[in-house]
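What follows draws every value from the coordinates through simple rules; no lab data is involved. Here the structure is a predicted model, which is why all the values come from computation and not from measurement. Note: ideal-geometry Cβ built from the backbone for every residue, glycine included; neighbour counts use all protein chains shown.
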Amino acid sequence: MTLNVDDWDRQWTEFQKINSVAPATEFRRRIVEKLLDIQGSGKGVRILEIGAGTGTLAEEASRKYPEASFLGVDLSAVSVEMCKRRVPAADFRQRDLLLPASAQDNLQFGATHVVCSEVLEHVDDPEALLRNAMPYM
């Protein structure tokens, strides 16, 4: 089977189960959680995840910090739909952050915490991605 590295819809469709049981996924999630250093129920916390993937971080964050708001942004429509099913209380949006925002994008999130894990190494212009994510912060 040949996988086009830019075909993220296919990536999440075909490999989501492997990703969900891979030890590295859980290890990274625990590191991210420790670095976020969120106290209590998350009141006033607004977490932005750039590259929402399968929604594992959103699911865990929503469980541990029920008063926090969560926004996941991903290029893949499959990822966004998967995340919406997994964590209905969170907000997920499909967006190509390599492109500037359009008039339809709701950018007013005001993130207090941002996670961008396993993303930058997959894009041609990481600086543009981060610059275009800034309005969510």
Which of 98, 47, 123, positive extreme of dipole for region 46-137 (C-beta unit charges): 47
Over 14 Å [Cα-Cα, region 49-96], rounded percent: 35
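Treat every Asp and Glu Cβ in region 15-137 as -1 and every Lys and Arg Cβ as +1, leave all other atoms uncharged, and give the resulting dipole magnitude about the Cα centre to the nearest 20 debye. Numbers along the way, then the final one.
On the way: 15 positive and 17 negative charges, 104 e Å.
The calculation lands at about 500 debye.
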Contact order normalised by residue count of region 47-137, Cα under 8 Å, 6+ apart, percent: 34
Kirkwood estimate for region 53-137, i.e. one over the average of 1/r between Cα atoms, Å: 13.4
Under-5 Å amide H pairs with residue 92, H placed in peptide plane, nonlocal only: 72
9 Å beta-carbon shell around residue 93, net charge (K/R +1, D/E -1): -2
Longest to shortest principal axis, alpha-carbon extents of region 23-87, angstrom: 32, 26, 17
